[in-house]
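The values are calculated or read from the model by the stated rules, or taken from the named source; none is laboratory data. What you see is a predicted model, and the numbers here were worked out from it, not measured in a lab. All Cβ positions, even for glycine, are placed from backbone atoms using ideal geometry, and neighbour counts span all protein chains on display.
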Amino acid sequence: MTQSPTDRLAFLEKESIAHLFVLRPTMASYLGLHEYDGVLPDLSLESTNRWLATARGFLRDLAEIPESDLPAGRRLDRNLLRLLLEGNLFDLEETRELDRNPMSYLFQPDLTNYISRDYAPVATRVAAIVKVLTSVPALLETAKRRLVRTLPRPFVTLAIQIANGLPTHFEEGESFAATGSPELRDEVRKAREGADAVVRSFSEWLSTDRLPHVTDEFALGPERFQRLLWVREGLEMSVDEVLRRGREDLKRNRERLDAIARREGVSVDQLVARLYEKHPSPEELLPTARKLTDETREFVRRKELVSIPEPEVVHVRETPPWARDLWTAAMSPPGPFERPVDGIYWVTSVDPAWDVVKAEGWMRTLNYAMLKNTTVHEVWPGHYLQSLHFRKTEQSLARKVWFSYSFIEGWAHYCELAALEAGFDDRSTSAEVTQIHDALLRDCRLIVSIGMHTQGMSVADGARLLRTEAHLEEVHAQREAIRGTYNPEYFCYTLGKLMILDARSKYLAPKFRGSAREFHDTLLGFGTPPIGFLDSLLKDA
């Protein structure tokens, strides 16, 4: 009996996503599918070549199902599956991440979810930790066989920093195991011995065998960048048009900041410097972030910006040592298949190894006004609230595993502006300046990303733009520019925000009778589809 197109798609959906998790088991575990706990992928060339061949077969099978034979929702799912497979082919064949980026391997043995999320008994989570640690030697041996001799400089230098921080991270796994029993601690300690030695050896190998041969060539180039827009965001807008829109937003935000400076009778630099002057001490940082988390939730509820599904739980914690060089603050939301709803709001404090001057510069960056705006972005009504809606809304399997960077970061960045418009922090000068300041940073990320990957901009040029246009301290500007080399998708903050603003302008009055809450609830009910699909989804809502 011949399968219907809908039944055929259901079969391919299940099979192709199971195939995705062969390549990315850590993603499955993060989503809350704990049968993948402790599993690290086989990233050898032979294994990924087999994976590619099967993925191409799934793409051929999907192409044989006409969109016209499917209901509207399943048409979306078919396209998501296509992009999901094409995106991983892009990573393996076009950007060649496993051949060029040692960080691709070092991100794999992440124990954070096992340590931080109380989804199972300690012994169960420790078993996963031990499994990860005992798999590290094979993982890094594959990396040494596969990584080409000449690698991009920032990829190597950052990988060395991450590798040097991993033993401390593995030690956190041992400390967690000790909360269960001395026997569990000893299991992790034994597994750690081999993992620590291999990671240190890998760091030394990068330093002696790869660092002397690094290149400053890291760019994707215009064609691959255009392809990136499609496979990640379903977007056919040209790279030049994305850049034009980013520059226009930079101009708008710069003019807003200039107007405030004139009103206050100071220069823009003085206006921004005021923010840096008022900051918590390292000891006050986490208590301040916890207080702000409670206050922003109450603001969202009182203003009825968007519904808050229950239950909800947010923990504010210090960023793990291995991730200090990767983010200033970040949200780890519960995956769509996860049972506990807990979100973890990571905030990066001062590195104990820093001198007084560097530590003070970092805390100036984490000033009170910046922390308020960041909490809006990361927690309420940004990333954490979005994850609650994602879990609440009935989603297909394809939609549960698809995450659009532009939809996720665009929503959180849009929330900064929407909160200010609703009167966040009584729309104080510091709140407005911080919102604009952070918007300028995201505008510069877009410009730097496209500039460095398609127009020959150097890292030094990118850092200079971030200092002058985003008014960043030197240490922050350098970090942001380097991030753009290995994470070109950080253009997505501004791109996503602009496309959400376009949608609000087009649909808020005619479809939602001017109700921001209805518009936002509908938007979050879609999950996190490619931002290029947003207009058609709202049109049919």
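Residues being free of Cβ contacts under 8 Å to residues at least 40 places away in the same chain, in a helix (DSSP H, G or I) and farther than 22 Å from Arg125 by Cα are entirely absent from segment 22-40.
Glu97 falls short on exactly one of the conditions (1) touching an Asp or Glu at 6+ places or on another chain (Cβ under 6 Å); (2) more than 24 Å from Ile17 (Cβ to Cβ); (3) of a type in the set (Asp, Glu), and that condition is (2).
Which residue pairs have Cβ atoms under 7 Å apart, sit 6 or more places apart or on different chains, and have a first residue in segment 293-321 that is touching a residue at least 12 places away in the same chain (Cβ under 8 Å) and a second that is polar (S, T, N, Q)? Listed pairs, sorted by first residue: Thr293/Thr375; Thr296/Thr375; Val314/Thr293; Val316/Thr293; Glu318/Ser349; Thr319/Thr348; Pro320/Thr112; Pro321/Thr168. Filtering segment 106-125 to residues that are within 17 Å of the chain's Cα centre (by Cα) and in a helix (DSSP H, G or I) leaves Leu106, Thr112, Asn113.
Number of residues in segment 399-439 that are of a type in the set (Ser, Thr, Tyr), under 18 Å from Arg232 (Cα atoms) and either in a helix (DSSP H, G or I) or free of Cβ contacts under 8 Å to residues at least 40 places away in the same chain (or both) equals 2.
When the helices (runs of 4 or more DSSP H) confined to segment 167-279 are screened for residues that are under 26 Å from the mean Cα position of the chain (by Cα) and closer than 30 Å to Gly451 by Cβ, those reaching at least 1 such residues are found at 222-233, 239-264, 268-277. Taking the residues in segment 310-355 that are of a type in the set (Lys, Arg) and in contact with a Ser or Thr (Cβ under 9 Å, 6 or more places away or on another chain) as candidates, determine which candidate is farthest from Glu35 (Cα to Cα). Taking the candidates together, the pick is Arg324.
Looking at (1) out of contact with any Leu (no Cβ under 8 Å at 6 or more places or on another chain); (2) assigned by TED's automatic domain parsing to the domain that holds Phe491; (3) of a type in the set (Val, Ile, Thr), which is the one condition that is false for Val231? If we test Val231 against (1) out of contact with any Leu (no Cβ under 8 Å at 6 or more places or on another chain); (2) assigned by TED's automatic domain parsing to the domain that holds Phe491; (3) of a type in the set (Val, Ile, Thr), just (1) comes out false. Among the residues of this structure, Arg185 does not count as one that is under 22 Å from Asn487 (Cα atoms), basic (Lys, Arg), surrounded by 16 or more Cβ atoms within 10 Å (Cβ to Cβ) and in contact with an Asp or Glu (Cβ under 7 Å, 6 or more places away or on another chain). Being basic (Lys, Arg) and free of Cβ contacts under 8 Å to residues at least 40 places away in the same chain is the filter; apply it to segment 504-541 and report the residue that is surrounded by the most Cβ atoms within 10 Å (Cβ to Cβ). Ranking the candidates gives Arg504 first.
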